[in-house]
Amino acid sequence: MPAPVLEKARDEMLSLNNIGMSVMEISHRSKHFEPILRGAIQGIRDLLNVSENYKILFLQGGASLQFSMIPLNFLGKNETADYIVTGAWGVKAVKEAKRCGNATAILSTADEGFKSVPAQDVLNFSKNARYVHYTSNETIEGVEFKYDLDGKGVPVICDASSNILSKPIDVEKYALIYAGAQKNIGPSGITLVIIRDDFAAQVPDGQHSMLDYRAFAANDSMLNTPNTWGIYIVNLVCEWLKEKGGVEEMSKINEQKAKILYDAIDSSDGLYSGHAEKEARSLMNVTFRLPSEEFEKQFASEATARGLDGLQGHRSVGGIRASIYNAFPREGVEALVEFMKDFAQKNG
Ligand SMILES: Cc1ncc(COP(=O)(O)O)c(C=O)c1O
(Lines give C-alpha, C1' and ligand atoms only; values in the text may rest on other atoms or scores of the structure.)
Protein backbone atom coordinates (compact mmCIF):
# COMPACT_ATOMS: atom_id res chain seq x y z
CA MET A 1 0.00 0.00 0.00
CA PRO A 2 1.25 3.52 -0.76
CA ALA A 3 2.23 5.25 2.51
CA PRO A 4 0.20 8.44 1.71
CA VAL A 5 -2.94 6.28 1.38
CA LEU A 6 -2.35 4.65 4.76
CA GLU A 7 -1.69 8.06 6.32
CA LYS A 8 -4.91 9.52 4.95
CA ALA A 9 -6.87 6.46 6.09
CA ARG A 10 -5.30 6.81 9.54
CA ASP A 11 -6.25 10.48 9.73
CA GLU A 12 -9.84 9.74 8.74
CA MET A 13 -10.17 6.51 10.70
CA LEU A 14 -12.33 7.89 13.50
CA SER A 15 -14.17 10.56 11.58
CA LEU A 16 -14.63 10.63 7.84
CA ASN A 17 -14.79 14.22 6.54
CA ASN A 18 -15.58 15.39 10.08
CA ILE A 19 -18.92 13.60 10.19
CA GLY A 20 -18.01 12.00 13.51
CA MET A 21 -18.12 8.43 12.18
CA SER A 22 -15.67 6.08 10.56
CA VAL A 23 -16.24 4.89 7.00
CA MET A 24 -16.81 1.50 8.65
CA GLU A 25 -19.73 2.91 10.63
CA ILE A 26 -21.77 4.62 7.93
CA SER A 27 -24.40 2.94 5.77
CA HIS A 28 -23.33 1.87 2.31
CA ARG A 29 -26.46 3.62 1.05
CA SER A 30 -25.77 6.88 2.89
CA LYS A 31 -24.97 10.18 1.24
CA HIS A 32 -21.49 9.91 2.75
CA PHE A 33 -20.64 6.62 1.06
CA GLU A 34 -22.15 7.43 -2.32
CA PRO A 35 -19.31 9.79 -3.41
CA ILE A 36 -16.73 7.25 -2.28
CA LEU A 37 -18.19 4.52 -4.48
CA ARG A 38 -18.55 6.97 -7.40
CA GLY A 39 -14.98 8.13 -6.85
CA ALA A 40 -13.58 4.60 -6.89
CA ILE A 41 -15.49 3.71 -10.07
CA GLN A 42 -14.45 6.93 -11.79
CA GLY A 43 -10.90 6.49 -10.57
CA ILE A 44 -10.57 3.10 -12.24
CA ARG A 45 -12.38 4.42 -15.33
CA ASP A 46 -9.99 7.35 -15.68
CA LEU A 47 -6.82 5.43 -14.92
CA LEU A 48 -7.51 2.61 -17.38
CA ASN A 49 -9.45 4.71 -19.86
CA VAL A 50 -12.54 2.51 -19.59
CA SER A 51 -15.38 3.57 -21.86
CA GLU A 52 -19.02 3.84 -20.80
CA ASN A 53 -20.05 0.53 -22.35
CA TYR A 54 -18.19 -1.27 -19.55
CA LYS A 55 -19.33 -1.59 -15.93
CA ILE A 56 -16.85 -1.39 -13.09
CA LEU A 57 -17.81 -3.69 -10.24
CA PHE A 58 -16.39 -4.28 -6.78
CA LEU A 59 -17.16 -7.84 -5.76
CA GLN A 60 -16.06 -10.14 -2.96
CA GLY A 61 -14.68 -13.67 -2.78
CA GLY A 62 -11.28 -12.78 -4.20
CA ALA A 63 -10.03 -13.47 -7.69
CA SER A 64 -10.49 -17.15 -6.85
CA LEU A 65 -14.27 -16.82 -6.87
CA GLN A 66 -13.98 -15.44 -10.40
CA PHE A 67 -12.48 -18.78 -11.47
CA SER A 68 -15.97 -20.22 -10.78
CA MET A 69 -18.18 -17.22 -11.45
CA ILE A 70 -16.92 -16.84 -15.01
CA PRO A 71 -17.87 -20.35 -16.17
CA LEU A 72 -21.07 -20.29 -14.09
CA ASN A 73 -22.12 -17.22 -16.08
CA PHE A 74 -20.65 -17.95 -19.49
CA LEU A 75 -19.98 -21.65 -19.98
CA GLY A 76 -22.91 -23.98 -20.54
CA LYS A 77 -22.56 -27.72 -20.07
CA ASN A 78 -22.06 -28.43 -23.76
CA GLU A 79 -20.08 -25.33 -24.53
CA THR A 80 -16.35 -24.81 -24.98
CA ALA A 81 -13.99 -22.31 -23.36
CA ASP A 82 -10.30 -21.91 -24.12
CA TYR A 83 -7.71 -21.39 -21.40
CA ILE A 84 -4.11 -20.30 -21.92
CA VAL A 85 -2.21 -21.63 -18.94
CA THR A 86 1.12 -19.98 -18.17
CA GLY A 87 1.31 -20.58 -14.42
CA ALA A 88 -0.28 -21.80 -11.20
CA TRP A 89 -3.24 -19.40 -11.23
CA GLY A 90 -4.20 -20.40 -14.76
CA VAL A 91 -4.14 -24.04 -13.64
CA LYS A 92 -6.63 -23.21 -10.90
CA ALA A 93 -8.85 -21.22 -13.23
CA VAL A 94 -9.22 -24.01 -15.79
CA LYS A 95 -9.79 -26.59 -13.06
CA GLU A 96 -12.86 -24.74 -11.80
CA ALA A 97 -14.18 -24.10 -15.30
CA LYS A 98 -14.09 -27.81 -16.11
CA ARG A 99 -16.85 -28.30 -13.53
CA CYS A 100 -19.22 -26.32 -15.75
CA GLY A 101 -18.42 -27.30 -19.32
CA ASN A 102 -15.78 -28.15 -21.84
CA ALA A 103 -12.92 -25.98 -20.62
CA THR A 104 -9.60 -26.83 -22.21
CA ALA A 105 -6.07 -25.59 -21.88
CA ILE A 106 -5.46 -24.86 -25.56
CA LEU A 107 -1.91 -23.95 -24.61
CA SER A 108 0.00 -24.75 -21.44
CA THR A 109 3.64 -24.04 -20.62
CA ALA A 110 3.56 -26.49 -17.68
CA ASP A 111 6.00 -28.94 -19.28
CA GLU A 112 8.75 -26.35 -19.46
CA GLY A 113 8.09 -25.14 -15.90
CA PHE A 114 6.02 -22.04 -16.69
CA LYS A 115 8.84 -19.86 -17.96
CA SER A 116 7.35 -18.21 -21.00
CA VAL A 117 4.23 -16.76 -22.57
CA PRO A 118 3.05 -17.59 -26.08
CA ALA A 119 3.28 -15.12 -28.94
CA GLN A 120 -0.08 -13.91 -30.20
CA ASP A 121 0.39 -15.50 -33.62
CA VAL A 122 0.72 -19.07 -32.30
CA LEU A 123 -2.69 -18.92 -30.64
CA ASN A 124 -5.56 -20.64 -32.35
CA PHE A 125 -8.89 -20.67 -30.62
CA SER A 126 -11.53 -23.39 -30.68
CA LYS A 127 -14.38 -23.02 -33.07
CA ASN A 128 -17.35 -21.56 -31.20
CA ALA A 129 -15.33 -20.95 -28.02
CA ARG A 130 -17.50 -18.97 -25.59
CA TYR A 131 -14.43 -17.14 -24.36
CA VAL A 132 -10.66 -17.36 -24.03
CA HIS A 133 -9.14 -16.88 -20.58
CA TYR A 134 -5.57 -15.98 -19.70
CA THR A 135 -3.56 -14.64 -16.76
CA SER A 136 -1.72 -11.48 -17.76
CA ASN A 137 0.84 -11.88 -14.99
CA GLU A 138 1.49 -15.19 -13.27
CA THR A 139 2.38 -14.05 -9.78
CA ILE A 140 4.11 -17.19 -8.56
CA GLU A 141 6.36 -17.89 -11.54
CA GLY A 142 6.84 -14.24 -12.51
CA VAL A 143 5.88 -14.46 -16.18
CA GLU A 144 3.97 -11.64 -17.82
CA PHE A 145 2.26 -11.07 -21.15
CA LYS A 146 3.63 -7.94 -22.83
CA TYR A 147 0.60 -7.53 -25.06
CA ASP A 148 -3.20 -7.40 -24.77
CA LEU A 149 -4.42 -10.66 -26.20
CA ASP A 150 -6.48 -10.52 -29.36
CA GLY A 151 -9.31 -13.06 -29.25
CA LYS A 152 -9.86 -12.85 -33.03
CA GLY A 153 -13.58 -12.66 -32.43
CA VAL A 154 -13.66 -14.81 -29.27
CA PRO A 155 -14.43 -12.77 -26.11
CA VAL A 156 -11.26 -12.33 -24.06
CA ILE A 157 -11.27 -12.72 -20.27
CA CYS A 158 -8.19 -11.77 -18.30
CA ASP A 159 -7.08 -12.42 -14.74
CA ALA A 160 -5.05 -9.26 -14.18
CA SER A 161 -4.78 -9.65 -10.41
CA SER A 162 -1.08 -9.00 -10.15
CA ASN A 163 -0.36 -6.43 -12.84
CA ILE A 164 -3.49 -4.31 -13.16
CA LEU A 165 -2.78 -0.57 -12.85
CA SER A 166 0.92 -1.23 -13.36
CA LYS A 167 0.76 -0.07 -17.00
CA PRO A 168 -1.79 1.06 -19.57
CA ILE A 169 -3.98 -1.65 -21.11
CA ASP A 170 -6.32 -1.60 -24.06
CA VAL A 171 -9.57 -2.38 -22.27
CA GLU A 172 -11.51 -2.45 -25.55
CA LYS A 173 -9.85 -5.78 -26.35
CA TYR A 174 -11.54 -7.47 -23.40
CA ALA A 175 -15.00 -8.75 -22.56
CA LEU A 176 -14.09 -9.07 -18.90
CA ILE A 177 -11.06 -8.20 -16.79
CA TYR A 178 -10.84 -9.17 -13.13
CA ALA A 179 -8.34 -8.64 -10.36
CA GLY A 180 -8.11 -9.35 -6.67
CA ALA A 181 -7.39 -5.93 -5.19
CA GLN A 182 -4.58 -6.79 -2.83
CA LYS A 183 -1.63 -6.13 -5.11
CA ASN A 184 -2.09 -2.80 -6.86
CA ILE A 185 -5.64 -1.67 -6.12
CA GLY A 186 -6.31 -1.80 -2.39
CA PRO A 187 -6.84 -4.25 0.45
CA SER A 188 -7.84 -7.90 0.16
CA GLY A 189 -11.55 -8.62 0.24
CA ILE A 190 -12.31 -6.66 -2.92
CA THR A 191 -12.28 -7.96 -6.46
CA LEU A 192 -12.38 -5.52 -9.32
CA VAL A 193 -14.38 -6.66 -12.36
CA ILE A 194 -14.55 -4.65 -15.57
CA ILE A 195 -17.19 -6.16 -17.81
CA ARG A 196 -18.50 -5.10 -21.21
CA ASP A 197 -22.26 -4.50 -21.24
CA ASP A 198 -23.01 -6.77 -24.19
CA PHE A 199 -21.08 -9.60 -22.51
CA ALA A 200 -22.89 -9.15 -19.18
CA ALA A 201 -26.15 -9.26 -21.13
CA GLN A 202 -25.33 -12.84 -22.13
CA VAL A 203 -25.66 -14.16 -18.57
CA PRO A 204 -28.46 -16.71 -18.70
CA ASP A 205 -31.59 -16.15 -16.60
CA GLY A 206 -31.93 -18.10 -13.39
CA GLN A 207 -28.43 -17.46 -12.07
CA HIS A 208 -28.02 -17.22 -8.29
CA SER A 209 -28.08 -13.47 -7.64
CA MET A 210 -24.82 -13.35 -5.74
CA LEU A 211 -23.07 -15.10 -8.64
CA ASP A 212 -24.69 -13.04 -11.38
CA TYR A 213 -22.64 -10.32 -13.09
CA ARG A 214 -25.75 -8.85 -14.61
CA ALA A 215 -27.38 -8.42 -11.21
CA PHE A 216 -24.28 -6.75 -9.75
CA ALA A 217 -24.02 -4.49 -12.78
CA ALA A 218 -27.67 -3.45 -12.45
CA ASN A 219 -27.20 -2.67 -8.76
CA ASP A 220 -23.92 -0.74 -8.79
CA SER A 221 -22.12 -3.61 -6.99
CA MET A 222 -24.57 -3.18 -4.10
CA LEU A 223 -26.64 -6.32 -4.33
CA ASN A 224 -25.74 -6.76 -0.70
CA THR A 225 -23.47 -4.79 1.60
CA PRO A 226 -20.22 -4.28 -0.29
CA ASN A 227 -16.80 -4.04 1.32
CA THR A 228 -17.13 -0.33 2.11
CA TRP A 229 -13.74 -0.03 3.76
CA GLY A 230 -12.10 -1.69 0.76
CA ILE A 231 -13.86 0.60 -1.71
CA TYR A 232 -12.83 3.62 0.36
CA ILE A 233 -9.18 2.52 0.12
CA VAL A 234 -9.51 1.82 -3.63
CA ASN A 235 -10.68 5.40 -4.04
CA LEU A 236 -7.64 6.69 -2.16
CA VAL A 237 -5.28 4.48 -4.19
CA CYS A 238 -6.79 5.83 -7.42
CA GLU A 239 -6.25 9.40 -6.19
CA TRP A 240 -2.66 8.55 -5.32
CA LEU A 241 -2.05 6.99 -8.71
CA LYS A 242 -3.47 10.02 -10.50
CA GLU A 243 -1.19 12.30 -8.50
CA LYS A 244 1.73 10.11 -9.50
CA GLY A 245 0.91 10.63 -13.19
CA GLY A 246 -1.38 7.67 -13.77
CA VAL A 247 -0.57 4.25 -15.16
CA GLU A 248 1.63 5.68 -17.94
CA GLU A 249 4.01 7.13 -15.37
CA MET A 250 3.68 4.08 -13.14
CA SER A 251 4.66 1.89 -16.05
CA LYS A 252 7.90 3.84 -16.57
CA ILE A 253 8.74 3.58 -12.87
CA ASN A 254 7.95 -0.15 -12.88
CA GLU A 255 10.18 -0.72 -15.91
CA GLN A 256 13.03 1.02 -14.14
CA LYS A 257 12.57 -0.82 -10.85
CA ALA A 258 12.44 -4.22 -12.57
CA LYS A 259 15.46 -3.44 -14.75
CA ILE A 260 17.59 -2.70 -11.68
CA LEU A 261 16.79 -6.16 -10.31
CA TYR A 262 17.08 -8.12 -13.55
CA ASP A 263 20.40 -6.41 -14.30
CA ALA A 264 21.67 -7.54 -10.90
CA ILE A 265 20.60 -11.12 -11.67
CA ASP A 266 22.17 -11.11 -15.14
CA SER A 267 25.46 -9.67 -13.96
CA SER A 268 25.93 -12.09 -11.06
CA ASP A 269 28.14 -14.60 -12.90
CA GLY A 270 25.58 -17.33 -12.47
CA LEU A 271 24.97 -17.13 -8.71
CA TYR A 272 21.48 -15.84 -9.45
CA SER A 273 19.53 -17.18 -12.41
CA GLY A 274 16.21 -15.72 -13.51
CA HIS A 275 13.30 -18.17 -13.69
CA ALA A 276 11.39 -16.61 -16.59
CA GLU A 277 12.62 -16.33 -20.14
CA LYS A 278 13.81 -12.79 -20.79
CA GLU A 279 10.92 -11.76 -23.05
CA ALA A 280 8.37 -12.94 -20.46
CA ARG A 281 9.94 -11.44 -17.37
CA SER A 282 7.38 -9.94 -15.02
CA LEU A 283 7.75 -6.33 -13.93
CA MET A 284 5.85 -7.13 -10.75
CA ASN A 285 7.27 -10.44 -9.52
CA VAL A 286 10.96 -10.97 -10.09
CA THR A 287 11.70 -14.67 -9.62
CA PHE A 288 15.15 -16.21 -9.50
CA ARG A 289 17.08 -19.18 -8.20
CA LEU A 290 20.38 -19.77 -6.44
CA PRO A 291 22.47 -22.89 -7.01
CA SER A 292 20.82 -24.88 -4.17
CA GLU A 293 17.80 -24.75 -1.88
CA GLU A 294 20.09 -24.35 1.13
CA PHE A 295 21.61 -21.31 -0.49
CA GLU A 296 18.15 -19.91 -1.17
CA LYS A 297 17.12 -20.38 2.46
CA GLN A 298 20.31 -18.70 3.61
CA PHE A 299 19.70 -15.84 1.15
CA ALA A 300 16.14 -15.29 2.35
CA SER A 301 16.99 -15.42 6.03
CA GLU A 302 20.01 -13.12 5.74
CA ALA A 303 17.88 -10.73 3.71
CA THR A 304 15.23 -10.75 6.43
CA ALA A 305 17.91 -9.89 8.96
CA ARG A 306 18.77 -6.86 6.76
CA GLY A 307 15.12 -5.76 6.84
CA LEU A 308 14.28 -7.21 3.41
CA ASP A 309 11.41 -9.55 4.19
CA GLY A 310 9.10 -11.77 2.14
CA LEU A 311 11.63 -12.93 -0.43
CA GLN A 312 11.03 -16.66 -0.19
CA GLY A 313 9.34 -17.91 -3.36
CA HIS A 314 5.82 -19.29 -3.20
CA ARG A 315 5.69 -22.55 -1.25
CA SER A 316 4.72 -24.46 -4.42
CA VAL A 317 7.84 -23.55 -6.43
CA GLY A 318 10.52 -22.35 -4.01
CA GLY A 319 13.29 -20.06 -5.17
CA ILE A 320 13.33 -16.34 -4.50
CA ARG A 321 10.60 -13.90 -5.46
CA ALA A 322 10.77 -10.14 -5.12
CA SER A 323 7.31 -8.65 -5.52
CA ILE A 324 7.69 -5.03 -6.51
CA TYR A 325 4.16 -3.77 -6.96
CA ASN A 326 3.29 -0.13 -7.67
CA ALA A 327 3.62 0.96 -4.05
CA PHE A 328 7.02 -0.64 -3.57
CA PRO A 329 9.65 2.11 -3.63
CA ARG A 330 12.69 2.20 -5.88
CA GLU A 331 14.86 2.58 -2.76
CA GLY A 332 13.63 -0.85 -1.63
CA VAL A 333 14.77 -2.36 -4.93
CA GLU A 334 18.14 -0.64 -4.60
CA ALA A 335 18.54 -1.96 -1.05
CA LEU A 336 17.82 -5.49 -2.29
CA VAL A 337 20.38 -5.19 -5.08
CA GLU A 338 22.93 -3.94 -2.58
CA PHE A 339 22.23 -6.98 -0.44
CA MET A 340 22.46 -9.31 -3.46
CA LYS A 341 25.88 -7.94 -4.28
CA ASP A 342 27.11 -8.37 -0.69
CA PHE A 343 25.74 -11.90 -0.59
CA ALA A 344 27.42 -12.75 -3.88
CA GLN A 345 30.71 -11.36 -2.70
CA LYS A 346 30.63 -13.49 0.43
CA ASN A 347 29.30 -16.65 -1.22
CA GLY A 348 29.97 -16.40 -4.93
C1 LIG B 1 -2.88 -13.91 -10.76
C2 LIG B 1 -3.69 -14.29 -9.56
N3 LIG B 1 -4.91 -14.82 -9.74
C4 LIG B 1 -5.67 -15.17 -8.69
C5 LIG B 1 -5.23 -15.02 -7.39
C6 LIG B 1 -6.11 -15.41 -6.25
O7 LIG B 1 -6.54 -14.25 -5.62
P8 LIG B 1 -7.43 -14.26 -4.31
O9 LIG B 1 -6.53 -14.64 -3.18
O10 LIG B 1 -7.92 -12.84 -4.24
O11 LIG B 1 -8.54 -15.22 -4.50
C12 LIG B 1 -3.97 -14.46 -7.17
C13 LIG B 1 -3.47 -14.28 -5.79
O14 LIG B 1 -2.34 -13.95 -5.53
C15 LIG B 1 -3.18 -14.10 -8.28
O16 LIG B 1 -1.96 -13.57 -8.10
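All but one of (1) under 14 Å from Leu65 (Cβ atoms); (2) away from the ligand (no atom under 16 Å from the Cβ) hold for Ala215; state the number of the condition that does not hold.
(1)
Which numbered condition trips up Arg99, out of (1) surrounded by fewer than 16 Cβ atoms within 10 Å (Cβ to Cβ); (2) touching a strand residue (DSSP E or B) at 6+ places or on another chain (Cβ under 8 Å)?
The single condition Arg99 does not satisfy is (2).
Output the number of residues of segment 48-85 satisfying the condition of being of a type in the set (A, V, I, L, M), out of contact with any Leu (no Cβ under 6 Å at 6 or more places or on another chain) and part of a helix (DSSP H, G or I).
Qualifying residue count, segment 48-85: 4.
Please name all residue pairs, on different chains or six or more residues apart, with Cβ atoms under 7 Å, provided the first residue is in segment 87-110 and is touching a residue at least 12 places away in the same chain (Cβ under 8 Å) and the second residue is within 11 Å of the ligand (Cβ to nearest atom) and basic (Lys, Arg).
Cβ pairs passing all conditions: none.
For (1) among the hydroxyl-bearing types (Ser, Thr, Tyr); (2) modelled with pLDDT of 95 or more; (3) outside any loop (DSSP other than H, G, I, E, B); (4) open to solvent by less than 10 Å² (accessible area, probe 1.4 Å), each residue gets a yes or a no:
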{"position": "Glu239", "(1), (2), (3), (4)": "no, yes, yes, no"}
{"position": "Val247", "(1), (2), (3), (4)": "no, yes, yes, yes"}
{"position": "Ser251", "(1), (2), (3), (4)": "yes, yes, yes, no"}
{"position": "Ala264", "(1), (2), (3), (4)": "no, yes, yes, no"}
{"position": "Gly270", "(1), (2), (3), (4)": "no, no, no, no"}
{"position": "Glu294", "(1), (2), (3), (4)": "no, no, yes, no"}
{"position": "Thr304", "(1), (2), (3), (4)": "yes, yes, yes, no"}
{"position": "Leu308", "(1), (2), (3), (4)": "no, yes, no, no"}
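Can you tell me which residue among Phe74, Phe58 is more than 25 Å from Val143 (Cα to Cα) and within 16 Å of the ligand (Cβ to nearest atom)?
Going through Phe74, Phe58 in turn, just one is more than 25 Å from Val143 (Cα to Cα) and within 16 Å of the ligand (Cβ to nearest atom): Phe58.
List every residue pair whose Cβ atoms lie under 7 Å apart, where the two residues are 6 or more positions apart in sequence or sit on different chains, the first residue falls within segment 135-161 and is open to solvent by less than 10 Å² (accessible area, probe 1.4 Å) and among the aromatic types (Phe, Trp, Tyr), and the second residue, located anywhere, is within 12 Å of the ligand (Cβ to nearest atom) and part of a loop (DSSP other than H, G, I, E, B).
What qualifies is Phe145/Ser136.
The values are calculated or read from the model by the stated rules, or taken from the named source; none is laboratory data. Note that the structure is predicted; figures quoted are calculated from it, not measured. So basically every Cβ, Gly included, is an ideal-geometry build from the backbone, and we count neighbours across all protein chains shown. Calculation scope for accessible area: heavy atoms of the full protein, side chains included, ligands and nucleic acids excluded. Shrake-Rupley method; radii C 1.70, N 1.55, O 1.52, S 1.80 Å.
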